[in-house]
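Have a look at the structure below before the remarks.
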2 protein chains.
Amino acid sequence: MATRPRRRYAARLPPDERRTQLLDAALAIIDRDGYAGVSIDAIAREAGVTRPVVYSVFDGLGPLLYALLDRQERRALRELVAALPTDIAPEDADALLLETVRRLVAMVTADPATWRPILLAPAGTPAPVRERIERDREIVRGRMRALLEAGLAQRGGPPLDTEIAAHSLVAVAEHFGRILVEEPDRFDGERLVDAVRSLLVALGSS
Amino acid sequence: MATRPRRRYAARLPPDERRTQLLDAALAIIDRDGYAGVSIDAIAREAGVTRPVVYSVFDGLGPLLYALLDRQERRALRELVAALPTDIAPEDADALLLETVRRLVAMVTADPATWRPILLAPAGTPAPVRERIERDREIVRGRMRALLEAGLAQRGGPPLDTEIAAHSLVAVAEHFGRILVEEPDRFDGERLVDAVRSLLVALGSS
DNA sequence: GATTGAAGCTACACTGGTGTAGTATTCGTG
DNA sequence: CACGAATACTACACCAGTGTAGCTTCAATC
(Lines give C-alpha, C1' and ligand atoms only; values in the text may rest on other atoms or scores of the structure.)
Protein backbone atom coordinates (compact mmCIF):
# COMPACT_ATOMS: atom_id res chain seq x y z
CA MET A 1 0.00 0.00 0.00
CA ALA A 2 2.10 2.83 -1.33
CA THR A 3 1.17 5.69 0.95
CA ARG A 4 0.83 8.77 -1.18
CA PRO A 5 4.02 10.84 -1.35
CA ARG A 6 3.91 13.94 0.69
CA ARG A 7 2.50 16.89 -1.18
CA ARG A 8 5.01 19.42 -2.32
CA TYR A 9 4.97 22.49 -0.15
CA ALA A 10 3.53 25.56 -1.75
CA ALA A 11 5.62 28.67 -1.78
CA ARG A 12 5.53 30.27 1.62
CA LEU A 13 3.88 33.63 1.70
CA PRO A 14 3.43 36.23 4.38
CA PRO A 15 -0.22 36.50 5.46
CA ASP A 16 -0.87 39.65 3.49
CA GLU A 17 0.16 38.21 0.16
CA ARG A 18 -1.58 34.95 0.91
CA ARG A 19 -4.70 36.88 1.67
CA THR A 20 -4.54 38.69 -1.63
CA GLN A 21 -3.85 35.47 -3.48
CA LEU A 22 -6.80 33.71 -1.87
CA LEU A 23 -9.14 36.55 -2.70
CA ASP A 24 -7.92 36.43 -6.29
CA ALA A 25 -8.54 32.69 -6.35
CA ALA A 26 -12.09 33.17 -5.04
CA LEU A 27 -12.72 35.86 -7.65
CA ALA A 28 -11.44 33.61 -10.42
CA ILE A 29 -13.79 30.82 -9.33
CA ILE A 30 -16.78 33.12 -9.18
CA ASP A 31 -15.90 34.55 -12.55
CA ARG A 32 -15.58 31.06 -14.03
CA ASP A 33 -18.30 29.05 -12.27
CA GLY A 34 -20.43 31.58 -10.44
CA TYR A 35 -21.07 31.54 -6.74
CA ALA A 36 -22.20 27.94 -6.90
CA GLY A 37 -18.63 26.73 -7.33
CA VAL A 38 -17.13 28.66 -4.47
CA SER A 39 -16.10 26.88 -1.27
CA ILE A 40 -13.14 26.89 1.09
CA ASP A 41 -12.01 23.71 -0.52
CA ALA A 42 -12.31 25.04 -4.06
CA ILE A 43 -10.48 28.22 -3.15
CA ALA A 44 -7.65 26.27 -1.54
CA ARG A 45 -7.38 24.07 -4.61
CA GLU A 46 -7.46 27.05 -6.94
CA ALA A 47 -4.63 28.62 -4.97
CA GLY A 48 -2.64 25.38 -4.94
CA VAL A 49 -2.76 25.14 -1.19
CA THR A 50 -4.57 23.17 1.53
CA ARG A 51 -7.60 24.22 3.51
CA PRO A 52 -5.85 24.97 6.80
CA VAL A 53 -3.96 27.69 4.95
CA VAL A 54 -7.24 29.34 4.10
CA TYR A 55 -8.45 29.02 7.66
CA SER A 56 -5.26 30.59 8.90
CA VAL A 57 -6.16 33.76 7.04
CA PHE A 58 -9.98 33.83 7.09
CA ASP A 59 -12.51 32.59 9.64
CA GLY A 60 -14.58 30.79 7.03
CA LEU A 61 -16.25 31.24 3.68
CA GLY A 62 -18.60 33.99 4.79
CA PRO A 63 -15.87 36.31 6.09
CA LEU A 64 -13.73 35.53 3.06
CA LEU A 65 -16.45 36.51 0.61
CA TYR A 66 -17.19 39.55 2.68
CA ALA A 67 -13.55 40.55 2.50
CA LEU A 68 -13.60 39.96 -1.24
CA LEU A 69 -16.63 42.19 -1.60
CA ASP A 70 -14.86 44.74 0.55
CA ARG A 71 -12.04 44.84 -1.91
CA GLN A 72 -14.13 44.72 -5.09
CA GLU A 73 -16.76 47.13 -3.89
CA ARG A 74 -14.31 49.95 -3.72
CA ARG A 75 -13.12 49.40 -7.24
CA ALA A 76 -16.65 48.95 -8.57
CA LEU A 77 -18.09 52.01 -6.91
CA ARG A 78 -15.14 54.07 -8.01
CA GLU A 79 -15.62 52.97 -11.63
CA LEU A 80 -19.32 53.60 -11.38
CA VAL A 81 -19.01 57.05 -9.93
CA ALA A 82 -16.49 57.88 -12.60
CA ALA A 83 -18.94 56.79 -15.30
CA LEU A 84 -21.96 58.68 -13.98
CA PRO A 85 -22.17 62.37 -14.78
CA THR A 86 -21.29 64.62 -11.90
CA ASP A 87 -23.74 67.37 -12.65
CA ILE A 88 -26.37 68.25 -15.16
CA ALA A 89 -25.27 70.08 -18.24
CA PRO A 90 -28.59 71.58 -19.26
CA GLU A 91 -27.67 72.54 -22.80
CA ASP A 92 -26.52 69.13 -23.85
CA ALA A 93 -28.31 66.68 -21.62
CA ASP A 94 -28.95 64.20 -24.40
CA ALA A 95 -25.34 63.90 -25.43
CA LEU A 96 -24.34 63.57 -21.81
CA LEU A 97 -26.82 60.76 -21.28
CA LEU A 98 -25.61 58.90 -24.34
CA GLU A 99 -22.04 59.30 -23.24
CA THR A 100 -22.94 57.95 -19.81
CA VAL A 101 -24.55 54.87 -21.27
CA ARG A 102 -21.53 54.33 -23.44
CA ARG A 103 -19.28 54.63 -20.42
CA LEU A 104 -21.34 52.18 -18.40
CA VAL A 105 -21.23 49.62 -21.17
CA ALA A 106 -17.50 50.03 -21.55
CA MET A 107 -17.02 49.75 -17.82
CA VAL A 108 -18.76 46.42 -17.57
CA THR A 109 -17.33 44.84 -20.70
CA ALA A 110 -13.83 45.95 -19.83
CA ASP A 111 -13.82 44.25 -16.46
CA PRO A 112 -16.44 41.52 -16.20
CA ALA A 113 -14.60 39.78 -13.37
CA THR A 114 -15.37 42.75 -11.18
CA TRP A 115 -18.96 43.11 -12.23
CA ARG A 116 -20.12 39.54 -12.46
CA PRO A 117 -19.94 38.88 -8.70
CA ILE A 118 -21.97 42.00 -8.07
CA LEU A 119 -24.57 41.64 -10.78
CA LEU A 120 -25.08 37.93 -10.14
CA ALA A 121 -24.92 38.17 -6.37
CA PRO A 122 -28.38 36.90 -5.46
CA ALA A 123 -27.43 33.44 -6.67
CA GLY A 124 -26.19 31.50 -3.71
CA THR A 125 -24.44 34.29 -1.87
CA PRO A 126 -24.23 34.30 1.91
CA ALA A 127 -26.76 36.67 3.42
CA PRO A 128 -24.31 39.32 4.68
CA VAL A 129 -22.79 39.69 1.24
CA ARG A 130 -26.18 39.98 -0.36
CA GLU A 131 -27.26 42.60 2.16
CA ARG A 132 -24.16 44.59 1.54
CA ILE A 133 -24.69 44.57 -2.19
CA GLU A 134 -28.29 45.58 -1.69
CA ARG A 135 -27.07 48.49 0.38
CA ASP A 136 -24.77 49.57 -2.42
CA ARG A 137 -27.61 49.29 -4.85
CA GLU A 138 -29.62 51.58 -2.62
CA ILE A 139 -26.77 54.08 -2.67
CA VAL A 140 -26.64 54.01 -6.45
CA ARG A 141 -30.40 54.51 -6.58
CA GLY A 142 -30.09 57.45 -4.26
CA ARG A 143 -27.54 59.05 -6.52
CA MET A 144 -29.66 58.32 -9.56
CA ARG A 145 -32.62 59.90 -7.85
CA ALA A 146 -30.64 63.01 -7.05
CA LEU A 147 -29.63 63.25 -10.71
CA LEU A 148 -33.22 62.87 -11.79
CA GLU A 149 -34.42 65.54 -9.43
CA ALA A 150 -31.67 67.92 -10.41
CA GLY A 151 -32.44 67.28 -14.06
CA LEU A 152 -36.15 67.79 -13.64
CA ALA A 153 -35.63 70.97 -11.66
CA GLN A 154 -33.25 72.46 -14.21
CA ARG A 155 -35.25 71.51 -17.23
CA GLY A 156 -38.61 72.18 -15.67
CA GLY A 157 -39.74 68.66 -16.21
CA PRO A 158 -43.11 67.45 -15.00
CA PRO A 159 -43.51 65.88 -11.57
CA LEU A 160 -42.40 62.28 -11.37
CA ASP A 161 -42.05 59.68 -8.65
CA THR A 162 -38.28 59.85 -8.65
CA GLU A 163 -37.86 56.96 -6.25
CA ILE A 164 -39.77 54.63 -8.54
CA ALA A 165 -37.99 56.05 -11.56
CA ALA A 166 -34.59 55.47 -9.97
CA HIS A 167 -35.55 51.88 -9.17
CA SER A 168 -36.62 51.39 -12.75
CA LEU A 169 -33.52 52.86 -14.30
CA VAL A 170 -31.20 50.88 -12.07
CA ALA A 171 -33.18 47.71 -12.76
CA VAL A 172 -32.82 48.22 -16.50
CA ALA A 173 -29.15 49.04 -16.17
CA GLU A 174 -28.55 45.90 -14.14
CA HIS A 175 -30.50 43.78 -16.55
CA PHE A 176 -28.36 44.83 -19.47
CA GLY A 177 -25.26 44.70 -17.30
CA ARG A 178 -26.06 41.08 -16.56
CA ILE A 179 -26.51 40.36 -20.25
CA LEU A 180 -23.24 42.08 -21.11
CA VAL A 181 -21.47 39.96 -18.56
CA GLU A 182 -23.13 36.64 -19.31
CA GLU A 183 -23.77 36.80 -23.03
CA PRO A 184 -21.46 39.49 -24.31
CA ASP A 185 -22.40 38.77 -27.91
CA ARG A 186 -26.13 39.14 -27.48
CA PHE A 187 -26.31 42.90 -27.75
CA ASP A 188 -23.59 45.06 -29.08
CA GLY A 189 -22.87 47.87 -26.68
CA GLU A 190 -23.46 50.48 -29.35
CA ARG A 191 -26.90 49.06 -29.98
CA LEU A 192 -27.85 49.90 -26.41
CA VAL A 193 -26.62 53.43 -26.96
CA ASP A 194 -28.66 53.63 -30.16
CA ALA A 195 -31.75 52.43 -28.33
CA VAL A 196 -31.41 55.20 -25.79
CA ARG A 197 -30.90 57.68 -28.61
CA SER A 198 -34.08 56.54 -30.31
CA LEU A 199 -35.88 56.83 -27.04
CA LEU A 200 -34.73 60.40 -26.66
CA VAL A 201 -35.91 61.18 -30.16
CA ALA A 202 -39.23 59.49 -29.43
CA LEU A 203 -39.65 61.61 -26.35
CA GLY A 204 -39.07 64.66 -28.45
CA SER A 205 -36.47 65.67 -25.93
CA SER A 206 -34.96 68.99 -26.87
CA MET B 1 -29.67 1.55 24.83
CA ALA B 2 -33.31 2.24 24.11
CA THR B 3 -33.50 1.80 20.37
CA ARG B 4 -35.73 4.49 19.02
CA PRO B 5 -39.35 3.41 18.60
CA ARG B 6 -40.35 2.77 15.07
CA ARG B 7 -41.65 5.84 13.33
CA ARG B 8 -45.37 6.00 12.91
CA TYR B 9 -46.40 5.21 9.36
CA ALA B 10 -47.62 8.15 7.35
CA ALA B 11 -50.98 7.83 5.67
CA ARG B 12 -50.65 5.70 2.56
CA LEU B 13 -51.32 7.56 -0.63
CA PRO B 14 -51.53 6.48 -4.23
CA PRO B 15 -48.60 7.84 -6.26
CA ASP B 16 -50.60 10.62 -7.84
CA GLU B 17 -51.69 12.18 -4.60
CA ARG B 18 -48.28 11.69 -3.07
CA ARG B 19 -46.80 13.45 -6.04
CA THR B 20 -49.09 16.42 -5.60
CA GLN B 21 -48.41 16.53 -1.89
CA LEU B 22 -44.65 16.49 -2.41
CA LEU B 23 -44.82 19.27 -4.96
CA ASP B 24 -46.89 21.28 -2.50
CA ALA B 25 -44.32 20.63 0.18
CA ALA B 26 -41.51 21.81 -2.09
CA LEU B 27 -43.48 24.92 -2.99
CA ALA B 28 -44.10 25.68 0.69
CA ILE B 29 -40.39 25.41 1.44
CA ILE B 30 -39.42 27.66 -1.44
CA ASP B 31 -42.05 30.16 -0.42
CA ARG B 32 -40.82 30.12 3.17
CA ASP B 33 -37.02 29.75 2.85
CA GLY B 34 -36.26 30.30 -0.80
CA TYR B 35 -34.47 27.82 -3.00
CA ALA B 36 -31.62 27.59 -0.51
CA GLY B 37 -33.73 25.51 1.86
CA VAL B 38 -34.97 23.01 -0.65
CA SER B 39 -33.61 19.43 -0.64
CA ILE B 40 -35.00 15.93 -0.93
CA ASP B 41 -34.59 15.61 2.79
CA ALA B 42 -36.34 18.88 3.57
CA ILE B 43 -39.21 18.04 1.26
CA ALA B 44 -39.65 14.62 2.86
CA ARG B 45 -39.66 16.20 6.30
CA GLU B 46 -42.11 18.88 5.24
CA ALA B 47 -44.43 16.18 3.94
CA GLY B 48 -44.03 14.09 7.10
CA VAL B 49 -42.51 11.20 5.20
CA THR B 50 -39.10 9.60 4.64
CA ARG B 51 -36.77 10.10 1.73
CA PRO B 52 -37.36 6.82 -0.04
CA VAL B 53 -40.95 7.90 -0.48
CA VAL B 54 -39.77 10.91 -2.41
CA TYR B 55 -37.44 8.78 -4.50
CA SER B 56 -40.29 6.44 -5.29
CA VAL B 57 -42.07 9.28 -7.04
CA PHE B 58 -39.26 11.44 -8.42
CA ASP B 59 -35.80 10.61 -9.70
CA GLY B 60 -34.12 13.28 -7.63
CA LEU B 61 -34.28 16.94 -6.74
CA GLY B 62 -33.75 18.22 -10.26
CA PRO B 63 -36.65 16.32 -11.80
CA LEU B 64 -38.84 17.19 -8.84
CA LEU B 65 -38.22 20.91 -9.21
CA TYR B 66 -38.70 20.60 -12.91
CA ALA B 67 -42.06 18.94 -12.34
CA LEU B 68 -42.96 21.67 -9.90
CA LEU B 69 -42.10 24.30 -12.45
CA ASP B 70 -44.13 22.36 -14.97
CA ARG B 71 -47.15 22.66 -12.75
CA GLN B 72 -46.62 26.25 -11.65
CA GLU B 73 -45.62 27.53 -15.06
CA ARG B 74 -49.00 26.78 -16.49
CA ARG B 75 -50.79 28.63 -13.75
CA ALA B 76 -48.38 31.55 -13.90
CA LEU B 77 -48.48 31.97 -17.66
CA ARG B 78 -52.23 31.69 -17.64
CA GLU B 79 -52.49 34.44 -15.02
CA LEU B 80 -50.01 36.54 -16.92
CA VAL B 81 -51.72 36.22 -20.25
CA ALA B 82 -55.00 37.09 -18.58
CA ALA B 83 -53.48 40.24 -17.15
CA LEU B 84 -51.86 41.49 -20.35
CA PRO B 85 -54.05 43.26 -22.85
CA THR B 86 -55.00 41.18 -25.86
CA ASP B 87 -54.97 43.95 -28.40
CA ILE B 88 -54.41 47.62 -28.65
CA ALA B 89 -57.33 49.88 -27.99
CA PRO B 90 -56.05 52.97 -29.75
CA GLU B 91 -58.51 55.44 -28.31
CA ASP B 92 -57.79 54.62 -24.70
CA ALA B 93 -54.30 53.22 -24.65
CA ASP B 94 -53.36 55.06 -21.46
CA ALA B 95 -56.23 53.70 -19.44
CA LEU B 96 -55.55 50.24 -20.76
CA LEU B 97 -51.92 50.47 -19.73
CA LEU B 98 -52.82 51.62 -16.25
CA GLU B 99 -55.32 48.85 -15.91
CA THR B 100 -52.72 46.35 -17.02
CA VAL B 101 -50.25 47.53 -14.42
CA ARG B 102 -52.94 47.32 -11.79
CA ARG B 103 -53.75 43.80 -12.84
CA LEU B 104 -50.14 42.72 -12.76
CA VAL B 105 -49.69 44.07 -9.27
CA ALA B 106 -52.84 42.33 -8.09
CA MET B 107 -51.76 39.11 -9.72
CA VAL B 108 -48.45 38.98 -7.87
CA THR B 109 -49.70 40.15 -4.49
CA ALA B 110 -52.64 37.77 -4.59
CA ASP B 111 -50.51 34.70 -5.09
CA PRO B 112 -46.91 35.24 -4.02
CA ALA B 113 -46.30 31.51 -3.56
CA THR B 114 -46.68 31.10 -7.31
CA TRP B 115 -44.56 34.07 -8.25
CA ARG B 116 -41.73 33.91 -5.76
CA PRO B 117 -40.20 30.73 -7.23
CA ILE B 118 -40.25 32.27 -10.67
CA LEU B 119 -39.06 35.76 -9.83
CA LEU B 120 -36.34 34.51 -7.49
CA ALA B 121 -35.29 31.59 -9.65
CA PRO B 122 -31.66 32.53 -10.35
CA ALA B 123 -30.81 31.94 -6.70
CA GLY B 124 -29.62 28.39 -6.36
CA THR B 125 -31.87 26.76 -8.90
CA PRO B 126 -30.72 23.75 -10.86
CA ALA B 127 -29.68 24.67 -14.37
CA PRO B 128 -32.60 23.05 -16.24
CA VAL B 129 -35.13 24.94 -14.17
CA ARG B 130 -33.32 28.19 -14.72
CA GLU B 131 -33.12 27.60 -18.44
CA ARG B 132 -36.80 26.86 -18.59
CA ILE B 133 -37.68 30.05 -16.75
CA GLU B 134 -35.40 31.98 -19.03
CA ARG B 135 -37.26 30.50 -21.98
CA ASP B 136 -40.56 31.65 -20.51
CA ARG B 137 -39.11 35.06 -19.97
CA GLU B 138 -38.17 35.13 -23.62
CA ILE B 139 -41.74 34.25 -24.54
CA VAL B 140 -43.10 37.06 -22.43
CA ARG B 141 -40.62 39.44 -24.02
CA GLY B 142 -41.75 38.32 -27.43
CA ARG B 143 -45.33 39.05 -26.58
CA MET B 144 -44.38 42.39 -25.12
CA ARG B 145 -42.48 43.21 -28.26
CA ALA B 146 -45.47 42.35 -30.42
CA LEU B 147 -47.63 44.65 -28.31
CA LEU B 148 -45.09 47.42 -28.67
CA GLU B 149 -44.91 47.03 -32.40
CA ALA B 150 -48.65 46.90 -32.78
CA GLY B 151 -48.97 49.97 -30.59
CA LEU B 152 -46.35 51.89 -32.47
CA ALA B 153 -47.87 50.97 -35.81
CA GLN B 154 -51.37 51.99 -34.79
CA ARG B 155 -50.37 55.19 -33.12
CA GLY B 156 -47.73 56.08 -35.62
CA GLY B 157 -45.05 56.19 -33.00
CA PRO B 158 -41.43 56.84 -33.89
CA PRO B 159 -39.05 53.98 -34.64
CA LEU B 160 -37.77 52.16 -31.60
CA ASP B 161 -35.61 49.14 -30.91
CA THR B 162 -38.50 47.04 -29.75
CA GLU B 163 -36.35 44.14 -28.64
CA ILE B 164 -34.39 46.35 -26.30
CA ALA B 165 -37.56 48.06 -25.18
CA ALA B 166 -39.22 44.73 -24.40
CA HIS B 167 -36.19 43.65 -22.39
CA SER B 168 -36.33 46.88 -20.45
CA LEU B 169 -40.03 46.70 -19.70
CA VAL B 170 -39.85 43.11 -18.56
CA ALA B 171 -36.81 43.88 -16.43
CA VAL B 172 -38.64 46.70 -14.69
CA ALA B 173 -41.74 44.57 -14.23
CA GLU B 174 -39.69 41.79 -12.71
CA HIS B 175 -37.85 44.17 -10.45
CA PHE B 176 -41.06 45.48 -8.95
CA GLY B 177 -42.54 42.01 -8.93
CA ARG B 178 -39.61 40.90 -6.81
CA ILE B 179 -40.13 43.79 -4.44
CA LEU B 180 -43.85 43.06 -4.18
CA VAL B 181 -43.08 39.48 -3.30
CA GLU B 182 -40.21 40.08 -0.91
CA GLU B 183 -41.10 43.36 0.73
CA PRO B 184 -44.81 43.80 0.14
CA ASP B 185 -44.92 46.91 2.30
CA ARG B 186 -42.22 48.80 0.50
CA PHE B 187 -44.31 50.18 -2.30
CA ASP B 188 -48.03 50.27 -2.32
CA GLY B 189 -49.36 48.78 -5.54
CA GLU B 190 -51.31 51.91 -6.33
CA ARG B 191 -48.16 53.96 -6.08
CA LEU B 192 -46.72 51.98 -8.96
CA VAL B 193 -49.83 52.70 -10.97
CA ASP B 194 -49.51 56.38 -10.13
CA ALA B 195 -45.91 56.38 -11.24
CA VAL B 196 -46.89 55.01 -14.62
CA ARG B 197 -49.65 57.59 -14.86
CA SER B 198 -47.20 60.40 -14.15
CA LEU B 199 -44.91 58.99 -16.75
CA LEU B 200 -47.67 59.03 -19.31
CA VAL B 201 -48.44 62.63 -18.46
CA ALA B 202 -44.75 63.49 -18.67
CA LEU B 203 -44.59 61.94 -22.11
CA GLY B 204 -47.46 64.08 -23.18
CA SER B 205 -49.12 60.92 -24.33
CA SER B 206 -52.43 61.72 -25.93
C1' DG C 1 -59.64 -13.36 9.22
C1' DA C 2 -55.72 -14.83 6.18
C1' DT C 3 -53.19 -13.31 2.20
C1' DT C 4 -50.62 -10.38 -0.50
C1' DG C 5 -49.05 -6.52 -2.94
C1' DA C 6 -48.47 -1.67 -2.53
C1' DA C 7 -46.61 1.82 0.18
C1' DG C 8 -43.54 3.14 4.19
C1' DC C 9 -39.63 2.71 7.09
C1' DT C 10 -34.78 1.62 8.71
C1' DA C 11 -30.18 1.32 8.05
C1' DC C 12 -26.18 1.67 5.51
C1' DA C 13 -22.64 3.23 2.26
C1' DC C 14 -21.18 7.18 -0.10
C1' DT C 15 -20.03 12.11 -1.28
C1' DG C 16 -18.34 16.62 -0.57
C1' DG C 17 -17.67 20.04 2.37
C1' DT C 18 -16.16 21.94 7.28
C1' DG C 19 -13.07 22.88 10.93
C1' DT C 20 -8.95 21.62 13.88
C1' DA C 21 -5.01 19.23 16.39
C1' DG C 22 -0.80 17.74 15.64
C1' DT C 23 3.29 17.28 12.66
C1' DA C 24 6.55 18.38 8.89
C1' DT C 25 9.15 21.66 6.20
C1' DT C 26 11.24 25.82 5.05
C1' DC C 27 14.08 29.67 5.42
C1' DG C 28 15.98 33.79 7.62
C1' DT C 29 19.09 34.66 11.35
C1' DG C 30 22.79 34.27 14.40
C1' DC D 1 25.38 25.47 9.51
C1' DA D 2 22.20 24.87 13.22
C1' DC D 3 17.98 26.47 15.09
C1' DG D 4 13.56 28.32 15.84
C1' DA D 5 9.66 30.77 14.15
C1' DA D 6 6.69 31.00 10.48
C1' DT D 7 4.26 28.58 7.34
C1' DA D 8 2.49 24.58 5.23
C1' DC D 9 0.68 19.74 5.29
C1' DT D 10 -1.72 15.34 7.02
C1' DA D 11 -5.18 13.14 9.22
C1' DC D 12 -9.11 12.97 11.65
C1' DA D 13 -13.86 13.79 13.44
C1' DC D 14 -17.93 15.78 12.02
C1' DC D 15 -22.09 17.23 9.40
C1' DA D 16 -25.78 17.26 5.96
C1' DG D 17 -27.32 15.55 2.08
C1' DT D 18 -27.81 11.52 -1.50
C1' DG D 19 -29.38 7.21 -3.13
C1' DT D 20 -30.64 2.25 -2.31
C1' DA D 21 -31.43 -2.64 -0.42
C1' DG D 22 -34.13 -4.98 2.32
C1' DC D 23 -37.48 -5.31 5.95
C1' DT D 24 -42.22 -3.88 7.94
C1' DT D 25 -46.84 -2.46 7.94
C1' DC D 26 -51.13 -1.55 6.20
C1' DA D 27 -55.47 -2.30 3.89
C1' DA D 28 -58.01 -4.27 0.02
C1' DT D 29 -59.53 -8.65 -1.42
C1' DC D 30 -61.05 -13.25 -1.14
**OP:** Please specify each residue of segment B:33-48 satisfying the condition of being surrounded by 14 or more Cβ atoms within 10 Å (Cβ to Cβ) and within 8 Å of DNA strand C (Cβ to nearest atom).
**Re:** B:Ala44
Subject >> Filter result (without any contact (Cβ under 8 Å) to a residue 40 or more places away in the chain and either farther than 20 Å from A:Ala150 by Cα or more than 8 Å from chain B (Cβ to nearest Cβ) (or both)) within segment A:191-203 >> reply: A:Arg191, A:Asp194, A:Ala195, A:Ser198, A:Leu199, A:Val201, A:Ala202
Original post:
Of the residues that make up segment A:15-25, is at least one within 15 Å of DNA strand D (Cβ to nearest atom), of a type outside the set (Asp, Glu), exposed (fewer than 13 other Cβ atoms within 10 Å of the Cβ) and modelled with pLDDT of 90 or more?
Top reply: yes
Original post:
Residue check, A:Ile30 against (1) of a type in the set (Val, Ile, Thr); (2) away from DNA strand C (no atom under 12 Å from the Cβ); (3) farther than 21 Å from B:Pro126 by Cβ, all met but one. Which one?
Top reply: (3)
Original post:
Does segment B:89-96 include one or more residues that are surrounded by 18 or more Cβ atoms within 10 Å (Cβ to Cβ), more than 9 Å from DNA strand C (Cβ to nearest atom) and in contact (Cβ under 8 Å) with a residue 60 or more places away in the chain?
Top reply: no
Subject >> So A:Ala82, is it small (Gly, Ala, Ser), away from every other protein chain (no Cβ under 14 Å) and away from DNA strand C (no atom under 16 Å from the Cβ) >> reply: yes
**OP:** Considering each residue of segment B:49-67, count those that are near DNA strand C (Cβ under 9 Å from one of its atoms) and surrounded by fewer than 17 Cβ atoms within 10 Å (Cβ to Cβ), and give that number.
**Re:** 5
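Residue by residue, here is whether (1) part of a helix (DSSP H, G or I); (2) within 20 Å of the chain's Cα centre (by Cα) holds:
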residue	(1), (2)
B:Thr100	yes, yes
B:Arg137	yes, yes
B:Ala150	yes, no
B:Gln154	yes, no
B:Pro158	no, no
B:Gly177	yes, yes
B:Leu200	yes, no
Original post:
Only one of (1) within 14 Å of chain B (Cβ to nearest Cβ); (2) without any contact (Cβ under 8 Å) to a residue 60 or more places away in the chain; (3) surrounded by fewer than 19 Cβ atoms within 10 Å (Cβ to Cβ) fails for A:Ile164. Which number is that?
Top reply: (3)
**OP:** Tell me, yes or no, whether segment B:116-127 has at least one residue that is under 30 Å from B:Asp33 (Cα atoms), in a helix (DSSP H, G or I) and over 14 Å from the mean Cα position of the chain (by Cα).
**Re:** yes
Original post:
Given the structure, is B:Ala76 at pLDDT below 95, buried (at least 18 other Cβ atoms within 10 Å of the Cβ) and of a type in the set (A, V, I, L, M)?
Top reply: yes
Original post:
Considering only residues of segment B:179-188 that are at pLDDT 90 or above and not in a loop (DSSP other than H, G, I, E, B), which is farthest from the other protein chains (Cβ to nearest Cβ)?
Top reply: B:Leu180
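The values are calculated or read from the model by the stated rules, or taken from the named source; none is laboratory data. Since this is a predicted model, take the numbers as computed values, not measurements. When we count neighbours, we look across all protein chains shown, and the Cβ atoms used for this are built from the backbone with ideal geometry, even at glycine.
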